[in-house]
Amino acid sequence: MAIKITEDCINCGACEPECPNSAIYEGAIDWRWQDKTKLTGKVTFPDGTEVNADAFNEAMSDEVYYIVSGKCTECKGFHEEPQCKAVCPVDCCVDDPDHRETDETLFARQKFLHT
């Protein structure tokens, strides 16, 4: 499953630089698929969805840091555990029950984003 950041976030920013996929963004900051991935231009995802990886997408939170679930791999292929969870001083990086995914799915996403 992906990770989410709860409203208990103190906006310290410790998690953001730890994410190998740039799936974590500061509140009110727009995000892009291309950030810290190999994706660029028009991209077709494995499910057939087409996006412009260079285009900005609206921030998912205006208040606290947030995680783009479609970019989150729980650090599979990079680290033994999700780095955001490891560095969060208030334990607000938690499993997201709305985005439960298998290790196979997470590894496939990591490969798609980076190779």
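The values are calculated or read from the model by the stated rules, or taken from the named source; none is laboratory data. All figures in this text were calculated on a predicted structure; none of them were measured in a lab. We place every Cβ from the backbone using ideal geometry, glycine too, and count neighbours over all the protein chains shown.
Just a few scattered comments:
- The residue pairs whose first member lies in the stretch 46-60 and is closer than 17 Å to Gln110 by Cα, whose second member is of a type in the set (D, E, K, R) and at pLDDT 95 or above, and whose beta carbons are closer than 7 Å, counting only pairs six or more residues apart or on different chains, are Ala53/Arg32.
- Selection from the stretch 83-115 of residues that are at pLDDT 95 or above, part of a loop (DSSP other than H, G, I, E, B) and among the charged types (D, E, K, R): Asp91
- Sub-8 Å Cβ pairs linking a first residue in the stretch 1-13 that is within 20 Å of Lys71 (Cα to Cα) to a second residue that is of a type in the set (Lys, Arg) and not in a loop (DSSP other than H, G, I, E, B), at least 6 apart or interchain, are Ile3/Lys85, ordered by first then second residue.
- Residues of the stretch 1-14 classified as in a loop (DSSP other than H, G, I, E, B), over 15 Å from Gln110 (Cα atoms) and within 11 Å of the chain's Cα centre (by Cα), total: 0
- When Val43, Val64 are screened for being of a type in the set (Val, Ile, Thr), in a strand (DSSP E or B) and either under 24 Å from Ala86 (Cβ atoms) or free of Cβ contacts under 8 Å to residues at least 60 places away in the same chain (or both), only Val43 passes.
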